[in-house]
Structure formats: structure tokens, C-alpha cells
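Undergrad: Below you will find the structure I want to go over with you.
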Amino acid sequence: MSLILEKIDHVVNGATHIDNVSLELAPGSFNVLLGRTLAGKTTLMRLMAGLERPTHGRILMNGHDVTGVPVRKRNVSMVYQQFINYPSLTVYENIASPLRLAGVEAREIDRRVRETAEMLHMEALLERYPQELSGGQQQRTAMGRALVKDAEVILFDEPLVNLDYKLREEFREELRELFKTRKAIAVYATTEPNEALALGGHTALLHEGKLLQYGRTEDVYHRPQNILSAEMFSEPPINVLPGMVSGSEVTFDRRVHFSLTDDLKRLAPGQYQFGVRASHITLGPQSPDDLGLPVSVDLAEISGSETFLHVHNDLFDLVVHLAGVHEFAVDQEITVYLPPHKMYAFDREGAVVHIPPHLEGA
Amino acid sequence: MNKVRNNHAWWLILPMLLLVAFSAIIPLMTVVNYSVQDVFDPYTRFFTGTEWFQVMLNDPALQAALLRQFAFSLTILAIEVPLGIGIALIMPKQGWQASAVLILVTLPLLIPWNVVGSIWQIFTRGDIGLMGWGLRELGYGYNITRSPADAWATIVLMDVWHWTPLIALLCYSGLRAIPEAYYQAARIDRASKWAVFRFIQLPKLTNVLVIGILLRFMHSFMIYAEPFVLTGGGPGSSTTFLSQSLTTMAIGQQDLGPSAAFSLIYFLIILLVSWVFYTAIMHRQKDPTTQGER
């Protein structure tokens, strides 16, 4: 089963929500739709489901054109951000509902409901009602309804947003496991780059209704095609430093120089934007090539066992992602080190011209 | 460590107690006071104990009025609740049509009770009333002053016209509160319209329906002005409800003792029925095993 979107446009009241998106999702693939709020993730999913009809373009399912086919005639299922279940039905009946509506035989229903419940660790809760369950259990019930019917496409629209941190990690792992053996195409929308990385599979980057990049998740992460992809697919966003290449040197704002290492020498002279991930900047030099920048601290943001250190000098603002808890005083003067061999370079238009050599073609 | 208890805080509820005393307890006690005495004039009164209560409970006219009252309240609930839900379901959801329909539906709610009675009184007249005249022209001998059935049907129809909008409005707001995702999920499940109503909309409406039914029950149980203006309780006593019996007794005949006893009984009946009703529905909600079909 494959799902192909061909040059899809979706225009609502003159506003373009989806702009010329073409996408080919392979059978059995797990796909992450990554994009900020209002990027068009939900709209794209609604189009895939058949809840909306694209303004232009075609949607093909296993080679058949299903563009105008309404959702009732397709075999899809969807899990929402809100926990959507039938309030007056038990967990058992909720999970059974798609099968009952499809007219499946009673014994078969029972077998599949119990199988699905077991998969989701809900066996003990089958006789409960949704309002008697915790948020996580309600969402499991909703997933049960989506998984039980062997849909060709299963859509997850930010399903874990309303759950707490621990539960989200648990769910993600289970989801990956569940889909290893399934033939259905899974599409999972999220705003969080880290969630996309944790889920793996393939990732489609969506920005303001346009598809920026699609490919294996690691590929999209390591080899962004442009600066927007790089910014969107890192948390905190990748640091961007405008610099001038002349001869064998890079100059940042005419004052900070560093020599081009072997692989950056290929860059033609001119203006570039250098990207360096927050997690690649260090507090001590890791190699003799590292570029030391004296900066002062704005804020050390401690999140769990990580520290996001916001620093600046008179040229740039940088974010440094450090493992462990580090405390800094505001305005404390420190030196941070940027590794040239881990830098990306983008041209003026933002297209990538240099990818760190250890990632290239990996 | 011992907690220091400061009992002065009790003084803080004093204003509230005073307020409740003046608004509820003192007026109610006056009624209680009358109900256990036989009052001849301001200086002559006798203590009668429970006598008035016994007399009232055994009065066949009042028993008949009570039965009529229950029949009326149950009839209008049976019509107004399904009708209100139905109207709420077909009301437009957005745009200017929604505002327009909302105003049109609300209109009857804004008309005072006795005006409603007058409107229907004229509406049903055989000579100049549109409905009265129309029905007669169609060959039906419609007459609310002679036929109890006509009078009954008209009062029920009047109440339905006046108060169904309340149920419709409550349900409309309840329906608007259901997230769009529920309907989408149902479409993905290929659920029928009926299934959407039965398993999404109706369960989600339970709360507003409880409020609506309670309000309508209490309201209709106390109905006075409309039948008083429309039929005056007739023909005979066929549309004499409890509140009208009470007014006749208290104001018309100045029977203070019996009417006080009757007021208390009336009050307790409303309280009891509302309580039973509320508890039953709330219990049903807490114990959802009674909600599903299976």
C-alpha cells in the first residue's frame, strides 16, 4: 500500500494552506510530519484522510486515484490531540466500534478487540468508561480504535501533546514497536524535532504549507537542504553566523578570523551563513582548530539534566546546549568553542553548500 | 504543634445568616405559623396543630388539581425536551443565519407570562382569533371555554411555544461545546447520523438536559398566569392547577390557615420531586453502567 500526493494545493477562502506538496509514502513506512504550529500539518493529514478535498493535485492510493473519495469510503483512521472516544461506551465498545460499524462478525470483533487491548496494555480496563480513565489511558483507547481496524493509513495528529513527559517517552517507544510489523502507512504530526528524532522512520519538514524536505529522519536531520530545514529540525534552533570567506580565512564581521580547515577550503570567496548546532559548541576546546569566542552569559536555562546556555558577544547571540546542570552568573564572561569541522555553510539564499564531512554521504 | 483555633471567624458568616434569614427563613416561618393556627381576625386565633394539613391532603378538589398538575408537567416535558433537542440539532451553526435563528428562537422567552396568556386568549377566540377562527372555518368546533380537551391542548401548546426555546438554547450551547474532532472521528469510523447523535451528541448533552428538565419541571409545576388569563382554570375546573387553587383559597376566600398548610405541602412536593429527579440523573451519570446500551 502506498500513498502518493501529487502537487497538492489546498486553498481556503483565498488563503493557501497547502502549497504544491508532492510526497510519496512507502508501504509500511512510519512518517513524521514535522512543522511549527500552523505549518499545515493537520490540513495535510485531513487531505490524506479524505476529510478535505485538495483544490489542485491528485492523491493516489495503491495507484488508484482517490482524490475525491470521501473519508467514509476510505480505510483510514486517525488519533487526535484531544482524547476522542465515545463517552457512553466502555473501552471495549469504543475499540470495537469501528469493527461493528464495518459489520465484522461478533467472534472476530471480540478476538481483535482483545488482541488490540493486549497490545496497548488495556486488558484490565476494558469494562471502564472513558471518563473513568487517566489521560494516557484515554489516549490508548483512542489508539485502540485507530489500530483495531487494519486501516491502510493511520494518522496521528500530535497525539502526545496533552500527556506528561514520562508517558510520552513510553508511548513513542511502543508506537515504534507497534509499527515495525504493520503494513499500514503511519503518519505522525509533531512540532518537536526531538520527537521526530526519537520516532525515526522518515520525516517530512513542513513550513508555511510547503514541503521543505522529505527523507529518512537521520538524513533530513544531518543533511538539511537549506537553512530553514536546519533551523526547524533542531531544538534549540541551529546557531547561524554570517561570515565572509576570502582566501583561506573566514571573517565574522571583519574582526573574528579563523582559518579554513581542509574541507571548508572548497568554499568560493564570498558571503556565507555558517550553521553550528547548539550541542556542538563546547566550553573547552575539543581540537586545536576550534574557534574560541569570548562571550558573556545572558541566561542559563536548566531543563531536566540539560542546560541551554544563552550567550552573546557584540556580534552574535548563540545558544549552547550542554549536558548536565551548569550554573552561570548573568553577564559572566566565558569562552565558548566552535568546531569548524562540524559547521554547515549556507549561501546567501540559504541553500546548503557545505555539510560537515563526517555526515556527508553517510 | 497545637493549632491555635480562632473561633472569632464564625462571626464572618453572620451577614450571610442574616441575609438568608430575611430572604427565606422568616417568610417561610410566617407561613408555618399560619399553617398551625385558625385565624379569625388579628386578635383572635386558635392553635390547630396538624388539622389544616389533614384537611388539605384529604380535599378531593386539591387532589384532582395535583394530579392535573403532574399530568401537565409530564406532558410538556415529554414534548418540549425532544422538540428542543431537535430544534437545536437543525439550527445553523455559523454565519448570520445562526444569529438570526437564535434571535427568532429566543423571542417567545422574552414575553411576560400574562402577556403570553393574553396573546393566546385572543389567538384562540372564535370570532377574531386566527387559530380559533381558522379551526372553526375548517369545520372543527374549537372552543376552549366549553371543551376541556380543547382548553388542555391549547394550554399545552402555549407552554410548548413559550418554553421549548429554552431547551433548544441550552442544547444548542451544549452542542457547540463538542469539539469538531468528535464528528471527524465519527466520520472516519463511518458512523451514521443516528450513531453520532446517540453516542456523541446525546451523552454530551446530558448535563445541560438535566438543568433544562429541572428548570422546566419546577417552572411548569408552578404555572399560574397563563392558564389564569387564557381559561381562568375552566371549563369547570379542568385546567385549574395547584397555584390557582391556592390563590383562590388564600386571596379569594381569605382562608389563611388552610392555604398556608397547602403552600407548605406544595413547596415540599416541588422540593421532593426536584431532589429525586436530580439525584436520579446525577447517580446515573456517576454510574455510567446504565448509560450504554450493552
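Undergrad: Mind checking whether some residue in segment A:125-134 is of a type outside the set (Gly, Ala, Ser), in contact with a Leu (Cβ under 6 Å, 6 or more places away or on another chain) and in a helix (DSSP H, G or I)? Walk me through it before giving the result.
TA: First pass over segment A:125-134, keeping only residues of a type outside the set (Gly, Ala, Ser): A:125-133.
Retained after the next criterion (residues that are in contact with a Leu (Cβ under 6 Å, 6 or more places away or on another chain)): none.
Looking for residues that are of a type outside the set (Gly, Ala, Ser), in contact with a Leu (Cβ under 6 Å, 6 or more places away or on another chain) and in a helix (DSSP H, G or I), one finds none in segment A:125-134, hence no.
Undergrad: Another question, if that's okay. I'd like to verify a number: residues in segment B:78-121 that are in contact with a Lys or Arg (Cβ under 9 Å, 6 or more places away or on another chain) and surrounded by fewer than 17 Cβ atoms within 10 Å (Cβ to Cβ), how many?
TA: 1
Undergrad: State all residues of segment A:246-269 that are open to solvent by less than 50 Å² (accessible area, probe 1.4 Å) and over 17 Å from A:ILE355 (Cα atoms); if no residue qualifies, say none.
TA: Going residue by residue through segment A:246-269, those that are open to solvent by less than 50 Å² (accessible area, probe 1.4 Å) are A:250-252, A:256, A:258, A:260-261, A:263-264, A:267.
Hits for segment A:246-269 are A:THR251, A:PHE252, A:VAL256, A:PHE258.
Undergrad: If you scan segment A:225-260, which residues turn out to be more than 13 Å from the chain's Cα centre (by Cα) and within 24 Å of A:THR16 (Cβ to Cβ)?
TA: A:GLN225, A:ASN226, A:ILE227, A:LEU228 - these are the residues of segment A:225-260 that are more than 13 Å from the chain's Cα centre (by Cα) and within 24 Å of A:THR16 (Cβ to Cβ).
Undergrad: Let me ask you something else. Of the numbered conditions (1) under 28 Å from A:ALA198 (Cα atoms); (2) open to solvent by 60 Å² or more (accessible area, probe 1.4 Å); (3) among the basic types (Lys, Arg), A:LYS41 fails exactly one; give the number of that condition.
TA: (2)
Undergrad: So which strands (runs of 3 or more DSSP E) are wholly in segment A:22-92 and hold at least 1 residues that are away from chain B (no Cβ under 14 Å)? Steps first, answer last, please.
TA: Numbers: elements: A:30-34, A:56-61, A:76-79.
By residue number, A:30-34, A:56-61.
Undergrad: Something else now. Hey, does segment B:83-97 have a residue that's under 25 Å from B:LEU242 (Cα atoms), free of Cβ contacts under 8 Å to residues at least 60 places away in the same chain and in a helix (DSSP H, G or I)? If you could, list the steps in order and put the result at the bottom.
TA: Looking only at segment B:83-97, we keep the residues that are under 25 Å from B:LEU242 (Cα atoms), and these are none.
So far as segment B:83-97 goes, no, none of its residues is under 25 Å from B:LEU242 (Cα atoms), free of Cβ contacts under 8 Å to residues at least 60 places away in the same chain and in a helix (DSSP H, G or I).
Undergrad: What strands (runs of 3 or more DSSP E) lie completely within segment A:260-316 and have 3 or more residues being over 27 Å from A:GLU349 (Cα atoms)? Before you say what the answer is, go through the steps one by one.
TA: Values: elements: A:270-276, A:291-303, A:306-312.
In segment A:260-316, the matching strands (runs of 3 or more DSSP E) lie at A:291-303, A:306-312.
Undergrad: Of all residues in segment A:317-345, which are out of contact with any Asp or Glu (no Cβ under 9 Å at 6 or more places or on another chain), outside any loop (DSSP other than H, G, I, E, B) and within 17 Å of A:THR251 (Cβ to Cβ)?
TA: Within segment A:317-345, A:ALA345 is the sole residue that qualifies.
Undergrad: Could you list all residues from segment A:144-167 that are surrounded by fewer than 18 Cβ atoms within 10 Å (Cβ to Cβ), of a type outside the set (A, V, I, L, M) and in a helix (DSSP H, G or I)?
TA: Hits for segment A:144-167 are A:TYR165, A:LYS166.
Undergrad: What are the pairs, 6+ residues apart or on separate chains, where a residue within segment A:64-89 that is in the same structural domain as A:GLU127 (by TED's automatic domain parsing) has its Cβ under 6 Å from a residue that is assigned to a strand (DSSP E or B) and open to solvent by less than 10 Å² (accessible area, probe 1.4 Å)?
TA: From residues that are in the same structural domain as A:GLU127 (by TED's automatic domain parsing), the pairs are A:VAL66/A:ILE59; A:THR67/A:ILE59; A:VAL76/A:VAL153; A:SER77/A:ILE154; A:MET78/A:LEU155; A:VAL79/A:PHE156.
Undergrad: Could you please find all residues in segment B:167-191 being assigned to a helix (DSSP H, G or I) and within 9 Å of chain A (Cβ to nearest Cβ)? Spell out how you get there, then give the answer.
TA: Taking segment B:167-191 first, the residues assigned to a helix (DSSP H, G or I) are B:167-176, B:180-188.
Scanning segment B:167-191 gives B:ALA181, B:TYR182, B:GLN184, B:ALA185, B:ALA186, B:ARG187, B:ILE188.
Undergrad: Sticking with this one: Which of the residues that make up segment A:320-341 are in contact with a Ser or Thr (Cβ under 9 Å, 6 or more places away or on another chain) and over 13 Å from A:THR282 (Cα atoms)? Outline the logic, then answer.
TA: Our first condition is that a residue be in contact with a Ser or Thr (Cβ under 9 Å, 6 or more places away or on another chain); within segment A:320-341, this holds for A:320-328, A:330-334, A:336-341.
A:VAL325, A:GLU327, A:PHE328, A:VAL330, A:ASP331, A:GLN332, A:GLU333, A:HIS341 - these are the residues of segment A:320-341 that are in contact with a Ser or Thr (Cβ under 9 Å, 6 or more places away or on another chain) and over 13 Å from A:THR282 (Cα atoms).
Undergrad: Next question, about the same structure. Within segment B:1-39, can you find the residues that are over 25 Å from B:LEU268 (Cβ atoms) and surrounded by 10 or more Cβ atoms within 10 Å (Cβ to Cβ)?
TA: Of the residues in segment B:1-39, the ones over 25 Å from B:LEU268 (Cβ atoms) are B:1-15, B:18.
Hits for segment B:1-39 are B:ILE13, B:LEU18.
Undergrad: Across segment A:98-141, what is the number of residues that are open to solvent by less than 10 Å² (accessible area, probe 1.4 Å) and of a type in the set (Gly, Ala, Ser)?
TA: 2
Undergrad: Could you tell me which of the residues A:LEU318, A:LEU291, A:LEU309 is more than 27 Å from the chain's Cα centre (by Cα) and surrounded by 14 or more Cβ atoms within 10 Å (Cβ to Cβ)?
TA: Details: A:LEU318 fails: more than 27 Å from the chain's Cα centre (by Cα); A:LEU309 fails: more than 27 Å from the chain's Cα centre (by Cα).
Sole residue among the options that is more than 27 Å from the chain's Cα centre (by Cα) and surrounded by 14 or more Cβ atoms within 10 Å (Cβ to Cβ): A:LEU291.
Undergrad: Could you check segment B:226-237 and list, in sequence order, the residues that are open to solvent by less than 20 Å² (accessible area, probe 1.4 Å), touching a residue at least 60 places away in the same chain (Cβ under 8 Å) and in a loop (DSSP other than H, G, I, E, B)?
TA: Taking segment B:226-237 as the starting set, the residues that turn out to be open to solvent by less than 20 Å² (accessible area, probe 1.4 Å) are B:226-227, B:230, B:233-234.
Keeping just the survivors that are touching a residue at least 60 places away in the same chain (Cβ under 8 Å) gives B:226-227, B:230, B:234.
The one that is open to solvent by less than 20 Å² (accessible area, probe 1.4 Å), touching a residue at least 60 places away in the same chain (Cβ under 8 Å) and in a loop (DSSP other than H, G, I, E, B): B:GLY234.
The values are calculated or read from the model by the stated rules, or taken from the named source; none is laboratory data. Please read all numbers here as calculations on a predicted model, not as lab measurements. As a convention, Cβ positions derive from the backbone with ideal geometry for all residues, glycine included, and neighbour counts pool all protein chains shown. Just the protein is used for accessible areas: all its heavy atoms, side chains included, with ligands, DNA and RNA removed. Shrake-Rupley method; radii C 1.70, N 1.55, O 1.52, S 1.80 Å.
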